[in-house]
1. Among the residues of region 237-259, are any at pLDDT below 95, of a type in the set (Val, Ile, Thr), over 25 Å from Met367 (Cβ atoms) and in contact with a helix residue (DSSP H, G or I) (Cβ under 8 Å, 6 or more places away or on another chain)?
2. Going by what's in this entry, would Arg139 be described as surrounded by fewer than 17 Cβ atoms within 10 Å (Cβ to Cβ), at negative phi and either out of contact with any helix residue (DSSP H, G or I) (no Cβ under 8 Å at 6 or more places or on another chain) or not hydrophobic (A, V, I, L, M, F, W, C) (or both)?
3. Given the structure, is Pro360 closer than 22 Å to Met37 by Cβ and touching an Asp or Glu at 6+ places or on another chain (Cβ under 9 Å)?
4. May I ask you to list the residues in region 319-360 that are more than 27 Å from Val421 (Cα to Cα) and open to solvent by 50 Å² or more (accessible area, probe 1.4 Å)?
5. Just the residues that are in a helix (DSSP H, G or I), open to solvent by 10 Å² or more (accessible area, probe 1.4 Å) and under 24 Å from Asp162 (Cα atoms), please, taken from region 75-131.
6. When you scan region 385-424, how many residues do you find that are in contact with a Phe, Trp or Tyr (Cβ under 8 Å, 6 or more places away or on another chain), more than 23 Å from Ser115 (Cβ to Cβ) and open to solvent by 10 Å² or more (accessible area, probe 1.4 Å)?
7. Condition test on Tyr72, is it part of a loop (DSSP other than H, G, I, E, B) and either surrounded by 14 or more Cβ atoms within 10 Å (Cβ to Cβ) or among the small types (Gly, Ala, Ser) (or both)?
8. I'd like the full set of residues that are modelled with pLDDT of 90 or more, open to solvent by 80 Å² or more (accessible area, probe 1.4 Å) and either under 20 Å from the mean Cα position of the chain (by Cα) or of a type outside the set (Gly, Ala, Ser) (or both), limited to region 167-200.
Amino acid sequence: MSEQRSRVNVHSKLTAVSSKPVEPGKTHLLTPLDQAMGQHSLHLVFYYEKNPFGSFDLDPLRVSLSETLSLYPNVTGRLTRGEAGNWEVKCNDSGVRVLRAKLSVKIDEWLKYGSGMEEKDLATWEEMPEIPNTWSPFRIQVSEFEGGGIALGINCSHMNADLTSLILLFNTWAEAHHQQAVANPPVFSSALHGRAVPDVNSKSAKYFVTKSIALAPSVKMASTTFKFCNSVIKKGLSEIHVNCPDATPFDLLAAIFWMRIARLKGPKNEHTPSLSICIDFRRLLKEPIPCGYFGNAVHFSLLSWEEKDVILGELGHVVDAVHGHLVGITEDEVLSMVDWLESQKGEGGKYAPPFRMYGPELTCVNMEHMINGDQSLMYAAMFGDNVKPAHVACHIGNVDGEGLIMVMPSPEERLARTVMVTLPEEELVKLRQDEAILRLEPTMLLSGGL
């Protein structure tokens, strides 16, 4: 795929600050898990087919954004090193960068023929400098399409937040715009530190030892989006019901994509096929973390299976393996990961350098926790009168290695799901032509240029 000049024309930049000043000297210490996510960034794009603001004017948005930022002093602050050399947020109300952009293309044409890599231009990112005391770790972008549609992009350093935090921040902005009560108020305190009696020999800890020293080849990556309708997922779950009666849409789609990607990658003599699964653990702990907890509450675990069973096995058995693996994740496994990260402190209490969390093995992100009944928190942000996003895209920065699968809610809701896949470019071309996936009749978005 040849390099092309971006079709997203950023024409203005400004800084949004909170409507209430932050108390002087306020700082927020990042947890061991926050520190460990330092190699990655998060990029969300919310598409609205019609401009929910009518005649577009940034001023009303800026007012509601300032009110929102008054609840999130961490977002308007700046990263700095503490006494031990660890990252912390200096809550000095320096503000959030807001960019405005225009595209000379209609939104439906963009979603159909644009590319997944080009989509990142809707949430333009600036890498963190060595001394980030003036660098904004959060950025917002308002991009107007020809014909009236808009995209609202928001991104941040993964050290500051996870996808759940970023989505709820965006939803709070929409609630403030309508002067509604905040459904999930932000919570900044957390006990996500090493325990008094740590467990650094668990399966989880051993996995992170291996992950921390693993290397990933640098190859050209590409991404595309598959949307599966409610009836297709319902039919798929019924077909594997005898093997896994409690299977979720995530279990089904994670198994399908793992099997098809393993097949196109071919046999690997040096190790068995593995899938790293990323989950949100806010509700997993005995004392659950509030949904509004602002920070990182993600856990990575490794599922390995015999090569013949993944590449040539029955789908129902692989679905059951994925489901059983997720059900078997315990609070102790989660906390032992934090114990291990805490144990890697050097002299003076400085944490070890961050390493690649998404990869190098094939990684699958589970966003099922974003669904409450038939309603999805990912599609809850309505700035206009009942105008929900037509599509929400999630990208994670610095993904190399075998690739990334993200199974997310869909605007159709119910059992419908959206799957975003990032793979080495040659492999993604083959995956888009895979007969087993095409039989599920997905709608493909942002797959242009492949």
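The values are calculated or read from the model by the stated rules, or taken from the named source; none is laboratory data. These numbers come from a predicted model, not from an experiment. Note that each Cβ is placed from the backbone with ideal geometry, even for glycine, and that neighbours are counted across all protein chains shown. These area figures cover heavy atoms from the full protein model, side chains too; ligands, DNA and RNA do not enter into them. Shrake-Rupley method; radii C 1.70, N 1.55, O 1.52, S 1.80 Å.
1. Within region 237-259, not a single residue is at pLDDT below 95, of a type in the set (Val, Ile, Thr), over 25 Å from Met367 (Cβ atoms) and in contact with a helix residue (DSSP H, G or I) (Cβ under 8 Å, 6 or more places away or on another chain).
2. So Arg139 fails the test.
3. Spelling it out, Pro360 is indeed closer than 22 Å to Met37 by Cβ and touching an Asp or Glu at 6+ places or on another chain (Cβ under 9 Å).
4. Result: Thr330, Asp332, Ser343, Gln344, Lys345, Glu347, Gly348, Lys350, Pro353.
5. Met117, Glu118, Lys120, Asp121
6. 3
7. When the stated conditions are applied, Tyr72 passes them.
8. Within region 167-200, Gln179, Gln180 qualify.
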